[in-house]
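> Sending over a structure as structure tokens; questions will come in a sec.
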Amino acid sequence: MQNKTEEFIKLLDKALEIAEQIRRDKQPEFKHSERLNNLIGALESIKSKTLIGKLEASGGISTLGLSREVADWIEPLDSPLLKAVGTIEEYYQKYL
């Protein structure tokens with residue numbers, strides 16, 4: 001289980017890195033700063049819960065809701081951020 005947790009943390013860190021890069025590089029007309037900040041907060045919360053062993057198991061059914069949230073505002077739909085949160089969701093459902 002430890003290896004799965006470590007891998008999950010790496011996926012979260014990668015998504016956080018991408019989100020932080022978007023926040024740093026955003027254009028003045030970027031309309032979704034609040035949603036991006038909310039995503040970063042959610043990723044940090046999931047990471048924290050994972051580290052302390054409090055993240056509820058998926059059981060192969062539950063999702064974290066990250067992909068749906070990001071897909072509502074990210075452009076283009078093949079963005080690295082959407083891919084990263086999709087990978088997190090997939091890993092969560094398969095292994096946690």
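The values are calculated or read from the model by the stated rules, or taken from the named source; none is laboratory data. Predicted model only: the values in this text are computed from it and were never measured. Every residue, glycine among them, receives a Cβ derived from its backbone with ideal geometry; neighbour counts consider all protein chains shown. What goes into the accessible areas is simple: the full protein's heavy atoms, side chains included, and nothing from ligands, DNA or RNA. Shrake-Rupley method; radii C 1.70, N 1.55, O 1.52, S 1.80 Å.
> With the requirement that a residue be without any contact (Cβ under 8 Å) to a residue 24 or more places away in the chain and of a type in the set (Asp, Glu), what does region 61-96 give you?
Answer for region 61-96, where residues must be without any contact (Cβ under 8 Å) to a residue 24 or more places away in the chain and of a type in the set (Asp, Glu): GLU75, ASP78, GLU90.
> So which residues in region 19-33 are acidic (Asp, Glu) and modelled with pLDDT of 90 or more? Reasoning before the result, please.
Step one: list which residues in region 19-33 are acidic (Asp, Glu), which gives 20, 25, 29.
Within region 19-33, just GLU20 meets the criteria.
> Residue under question is THR50, and the condition is that it be in a helix (DSSP H, G or I) and of a type outside the set (A, V, I, L, M); does it hold? Explain how you work it out, then say what you get.
Values: in a helix (DSSP H, G or I): yes; of a type outside the set (A, V, I, L, M): yes.
Yes, satisfied.
> Spot the failing condition for LEU16; the list is (1) at pLDDT below 95; (2) within 10 Å of the chain's Cα centre (by Cα); (3) closer than 13 Å to ILE88 by Cα, and only one is missed.
Looking at each condition in turn, LEU16 falls short on (1).
> Output the residues belonging to region 49-68 that are hydroxyl-bearing (Ser, Thr, Tyr) and open to solvent by 60 Å² or more (accessible area, probe 1.4 Å). Break it down into steps so the answer makes sense when it comes.
Taking region 49-68 as the starting set, the residues that turn out to be hydroxyl-bearing (Ser, Thr, Tyr) are 50, 58, 62-63, 67.
Listed by number, the list holds a single entry, THR63.
> I need every pair where a residue in region 1-19 that is under 13 Å from SER45 (Cα atoms) and open to solvent by 30 Å² or more (accessible area, probe 1.4 Å) has its Cβ under 9 Å from the Cβ of a residue that is at pLDDT 95 or above and part of a helix (DSSP H, G or I), sequence separation at least 6 or different chains.
What qualifies is ASP13/LEU43; ASP13/LYS47.
> Something else now. Return the residues of region 32-41 that are within 16 Å of ILE9 (Cα to Cα) and surrounded by fewer than 18 Cβ atoms within 10 Å (Cβ to Cβ); say none if nothing qualifies. Can you show your working first?
From region 32-41, those within 16 Å of ILE9 (Cα to Cα) are 39-41; that's our starting set.
Within region 32-41, ILE40, GLY41 meet the criteria.
> Determine, yes or no, whether TYR91 is touching a helix residue (DSSP H, G or I) at 6+ places or on another chain (Cβ under 7 Å), among the aromatic types (Phe, Trp, Tyr) and open to solvent by 60 Å² or more (accessible area, probe 1.4 Å).
So TYR91 does not fit the description; no.
> Is there a residue being farther than 22 Å from ASN3 by Cα, touching a helix residue (DSSP H, G or I) at 6+ places or on another chain (Cβ under 7 Å) and among the charged types (D, E, K, R) anywhere in region 27-43?
Looking through region 27-43, none of the residues is farther than 22 Å from ASN3 by Cα, touching a helix residue (DSSP H, G or I) at 6+ places or on another chain (Cβ under 7 Å) and among the charged types (D, E, K, R).
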